[in-house]
Each structure stands twice: as structure tokens, then as C-alpha cells.
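See below for the structure under consideration.
The values are calculated or read from the model by the stated rules, or taken from the named source; none is laboratory data. Just so it is clear, the structure is predicted and the values come from calculations on it, not from any experiment. Every residue, glycine among them, receives a Cβ derived from its backbone with ideal geometry; neighbour counts consider all protein chains shown.
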Amino acid sequence: MSTLEESRPYHHGDLRATLLAAAAELLAAGGVAAISLREVARRAGVSHNAPYRHFPDRDSLLAALAEEGFVELARRMDGEAGGLAALGQCYVRFAQEQPGRFALMFGAGPDKARHPELQQAATALYQRLALAVRETAPGRDPQVATLAAWSLVHGLAQLLLDRQLSEGVQGGLSAAELSERVTRMFADGLQAG
């Protein structure tokens, strides 16, 4: 039994936050497939109809979870010092720490066009990256350079999550060391060019 089930009474001060916390637990434990409004309600200790007060359907709940992920990743990036390479390392760390949330954020999940808050959170994160790219390499085409930076860190994060890097490819480096070297090399090359 989760801590939410043990400690939450029926009446909540913030039902939406409680439901999202329950959904996040399910996401971490079993991925997107484990999430249903009924199971979220059960885990949160509320009636099976309670989630509908905040989420008209499962897709809306998943969109809110993804939005939280983008906001959290942006918050973490804002706390990073060290420029573009540090942001890339933060991105890879987030993916490794929250693989279910990462998959929800960047997979074929909720349609961002249907969920404006999710679209805004995703766009804000992208703009944060674009700003770091412009600061690192003001002479580069900002659209292409930003897409290259995102592609690099997203690809590295996904390769690590999918365990696609053999020992030979990884060269005995930990994921953090590999992330540091790859992002530093990219940032230095972008700046030099």
C-alpha cells in the first residue's frame, strides 16, 4: 500500500495535486499503461468519480503529468550553472531519474495541440534551451543549432535508457561521465564554429 493510500483522508485540501501524485506513483511503477482514472482514484483514496472533477479523461490526466515533467525539468535547468553543456547533462539526468515521465513527455502521449498548458510548458523548455544555444554560439543559425543540441541530448538520453550502448561504446564511463564528455564536446564545437 502506498503512502498516499495510508495517509490521505477522503476530503483533500488539494485533490488535483493528490491525484497527480498518485498518477506519478503509478507512472514510475508501471509506465503509462498502469494509469487509469479509476486506479488513480483508488490509490489516492477517493471515489472513482473524484478524478473527473479535475480531469475529464485519462488523456487530460496524462497531459497534466507531462506538463509537470516539463516544468520540473525547466526548474532544474534554471538551477544549473555551466551553460549549454550543463543543461544537456541535466536533461540526461532527468531522463535517467524519471524514465516513465520522460517517455510520457516525449513519446506519442497526449496531443499538445489539445492541451495548451502542456504546449506552453514544452515550449518554455525549448526556449530555455534556445537561449542557452544563442548565448553559447551567437553566430550560429539559432534554429538549427537548438535542434542539434536537443537532438544530441535526447538521443543520448534515449540510448542510455534503452541500454543501447555497449561497454565498448561507453568506454567504461558512467552515464554521468559520458553525458559530461559528450555535451561538453558538443558545446565546445558549437562555440568554436
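Restricting the search to helices (runs of 4 or more DSSP H) fully inside the range 87-193 and requiring at least 2 residues that are aliphatic (A, V, I, L, M) gives 99-106, 116-136, 142-161, 175-192. When Gly100, Gly88 are checked against the criterion of being farther than 22 Å from Asp59 by Cβ and either crowded, with 17+ Cβ neighbours inside 10 Å or over 13 Å from the mean Cα position of the chain (by Cα) (or both), a single residue qualifies: Gly88. When the range 49-60 is filtered for residues that are under 14 Å from Ile35 (Cβ atoms) and outside any helix (DSSP H, G or I), the ones remaining, listed by number, are Phe55, Asp57.
Yes/no per residue for (1) under 30 Å from Leu27 (Cα atoms); (2) touching a strand residue (DSSP E or B) at 6+ places or on another chain (Cβ under 6 Å); (3) of a type in the set (A, V, I, L, M, F, W, C):
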position: Leu87; (1), (2), (3): yes, no, yes
position: Arg101; (1), (2), (3): yes, no, no
position: Thr123; (1), (2), (3): yes, no, no
position: Arg128; (1), (2), (3): yes, no, no
position: Pro142; (1), (2), (3): no, no, no
position: Leu165; (1), (2), (3): yes, no, yes
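Among the residues of the range 82-103, is there at least one that is farther than 23 Å from Ala33 by Cα and either modelled with pLDDT under 95 or outside the structural domain of Asp162 (by TED's automatic domain parsing) (or both)? Yes, the range 82-103 has at least one match.
Within the range 141-169, the only residue that satisfies the criterion of being surrounded by 15 or more Cβ atoms within 10 Å (Cβ to Cβ) and modelled with pLDDT under 95 is Leu165.
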